[in-house]
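The values are calculated or read from the model by the stated rules, or taken from the named source; none is laboratory data. Owing to the predicted nature of the structure, the values given are computational and were not obtained by experimental measurement. Cβ sites come from the backbone with ideal geometry, for glycine too, and all protein chains shown count toward neighbours.
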Amino acid sequence: MQDEQREQQEQDEQTQTSCPMDQAPPPTNDHAEAVDESNPAEASAATDELTKWRELALRTAAEYDNYRKRCVKEREEFTRYATRSLLEELLPVMDHFEMGMQMAEKEKGSMLYVGMEMVQKQLRDFLNAQGVEPIPAEPGMPFDHNLHEAIQSEPSDQEEGSVLRIIRPGYMLKGKLLRPVNVVTASAPAASN
């Protein structure tokens with residue numbers, strides 16, 4: 001009897017000193033039924049059931065991974081373009097400031113013009129820091145419906161569909177269109193009678 005107690009005590013001590021991760025986890029499925037492996041139909045049904053649950057687990061893990069990646073991408077996209085509405089409202093202010101600068105160019109030596117030029121540089125630097133870039137546009141270039149918005153067309157001897165004048169500049173925000181360039185395009189010359 002003492003030998004049995006001593007063996008039990010030694011087993012308890014080994015269990016307490018060993019790492020819990022080294023021990024096999026206890027079975028968690030209380031509802032699992034024993035499968036008679038000698039019965040091929042029962043073994044096959046159990047294998048099919050196991051395969052079904054394994055596939056479901058893999059599919060669920062893949063769906064979760066895709067969901068997680070989509071959430072990360074949407075969060076990055078939101079962060080990247082969170083200032084979009086503010087910048088869209090700032091662009092008309094920039095347009096009016098540019099018009100004022102064109103009027104003030106007549107007096108380039110004046111302190112007013114020098115001050116306005118400094119403010120203009122600060123505005124441009126701010127927009128550049130936010131990822132806003134002007135869309136290059138000049139008369140004679142072909143109309144691009146991805147970047148330009150045709151306000152009107154006029155008969156011209158230039159190629160039909162080319163840009164005649166720029167009405168309002170356009171901008172890109174980190175590679176996406178923020179505001180299209182407003183242009184006047186060339187149409188076929190009017191037929192003379």
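Taking the range 173-187 only, how many residues are within 31 Å of the chain's Cα centre (by Cα), closer than 12 Å to ALA137 by Cβ and either of a type in the set (A, V, I, L, M, F, W, C) or surrounded by fewer than 17 Cβ atoms within 10 Å (Cβ to Cβ) (or both)?
2
Only one of (1) surrounded by 15 or more Cβ atoms within 10 Å (Cβ to Cβ); (2) at pLDDT 90 or above; (3) touching a Pro at 6+ places or on another chain (Cβ under 8 Å) is not met by SER156, so which one is it?
Unmet for SER156, out of (1) surrounded by 15 or more Cβ atoms within 10 Å (Cβ to Cβ); (2) at pLDDT 90 or above; (3) touching a Pro at 6+ places or on another chain (Cβ under 8 Å): (2).
Residue by residue through the range 54-96, note down the ones that are hydrophobic (A, V, I, L, M, F, W, C) and either outside any helix (DSSP H, G or I) or within 17 Å of GLY131 (Cβ to Cβ) (or both). Don't jump to the end; show me each part of the working.
If we filter the range 54-96 for residues that are hydrophobic (A, V, I, L, M, F, W, C), which is where we start, we get 56-58, 61-62, 71-72, 78, 82, 86-87, 90-91, 93-94.
Selection gives PHE78, ALA82, LEU86, LEU87, LEU90, LEU91, MET94.
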